[in-house]
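Step one of this worksheet: look at the structure below.
The values are calculated or read from the model by the stated rules, or taken from the named source; none is laboratory data. The shown structure was predicted, so the numbers you read here are calculated from the model rather than taken from an experiment. Note: ideal-geometry Cβ built from the backbone for every residue, glycine included; neighbour counts use all protein chains shown.
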Amino acid sequence: MKIEDLLKIKLKNDLLKELRNKYKFNKLSKKEYLILCESKIDLKLKDISFLKKETKCNYSSEERCCARIWDNHYGSRCKYKRNKTDYCNHHNNMIRRTGKLYLNRYDEDKPVFNEKDNRFPWFVDTNMEMLNNIILEQDKMLKSLIKKERQITPKI
């Protein structure tokens, strides 16, 4: 089973557990409520991706636009063909309108702050590093819960 599938199963189980705890008696029985919740979660999980998917570009490096794009927090190079300048039509229009590229060129440093002084939330870790951080956090939470459980359990 893929890591992404495991993460989706974990997310679904955690959400169902939370929703089960929030159930209040209403027109639906608890069983109907959970079936409805599960179906809605399944619909949303189809659109969620934990791992970055590489998109192929049909153009050579010399033909591609030199602008940086958001690319789900990773900041990669624009995939479109350049048009007479170093940039595609979209990024040429951006420069014409605002006088600059919003995320700089792909070969320059990533901007740290936007024009409203909010920090850009760039991902700096690889997918495996992020997955490892998730696992480490889960392990830390589990150890914390075990420690609390030991404190609650009376000594014999």
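Filtering segment 1-29 down to residues that are among the basic types (Lys, Arg) and surrounded by 11 or more Cβ atoms within 10 Å (Cβ to Cβ), which residue is modelled with the lowest pLDDT? Looking at the filtered set, the residue picked out is ARG20. Is segment 75-95 home to any residue that is over 30 Å from LEU6 (Cα atoms) and of a type in the set (Gly, Ala, Ser)? No. For CYS65, the test of being modelled with pLDDT of 90 or more, hydrophobic (A, V, I, L, M, F, W, C) and surrounded by 10 or more Cβ atoms within 10 Å (Cβ to Cβ) is passed. In segment 68-82, the residues that are within 14 Å of LEU101 (Cα to Cα) form Cβ pairs under 7 Å with partners that are in a loop (DSSP other than H, G, I, E, B) and among the small types (Gly, Ala, Ser), at six or more places apart or across chains, as follows: ARG68/GLY75. Would you call ASN72 of a type in the set (S, T, N, Q), surrounded by 11 or more Cβ atoms within 10 Å (Cβ to Cβ) and closer than 25 Å to LEU131 by Cβ? Spelling it out, ASN72 is indeed of a type in the set (S, T, N, Q), surrounded by 11 or more Cβ atoms within 10 Å (Cβ to Cβ) and closer than 25 Å to LEU131 by Cβ. Scanning segment 142-156 for residues that are modelled with pLDDT of 75 or more and not hydroxyl-bearing (Ser, Thr, Tyr) yields a count of 5.
Scanning segment 102-141 for residues that are modelled with pLDDT of 90 or more, surrounded by 11 or more Cβ atoms within 10 Å (Cβ to Cβ) and in a loop (DSSP other than H, G, I, E, B) turns up TYR102, LEU103, ASN104, TYR106, GLU108, LYS110, PRO111.
Any idea which residue in segment 91-149 is nearest to ILE69 (Cα to Cα), counting only those that are of a type in the set (Lys, Arg) and outside the structural domain of SER61 (by TED's automatic domain parsing)? Give the steps one after another, and end with the answer.
Going through segment 91-149, the residues of a type in the set (Lys, Arg) turn out to be 96-97, 100, 105, 110, 116, 119, 140, 143, 147-148.
Checking which are outside the structural domain of SER61 (by TED's automatic domain parsing) leaves us with 140, 143, 147-148.
Numbers: LYS140: 35, LYS143: 40, LYS147: 45, LYS148: 45 Å.
So the residue we want is LYS140.
Somewhere in segment 88-96, is a residue of a type in the set (D, E, K, R) and closer than 29 Å to ILE135 by Cα? No: segment 88-96 contains no residue that is of a type in the set (D, E, K, R) and closer than 29 Å to ILE135 by Cα.
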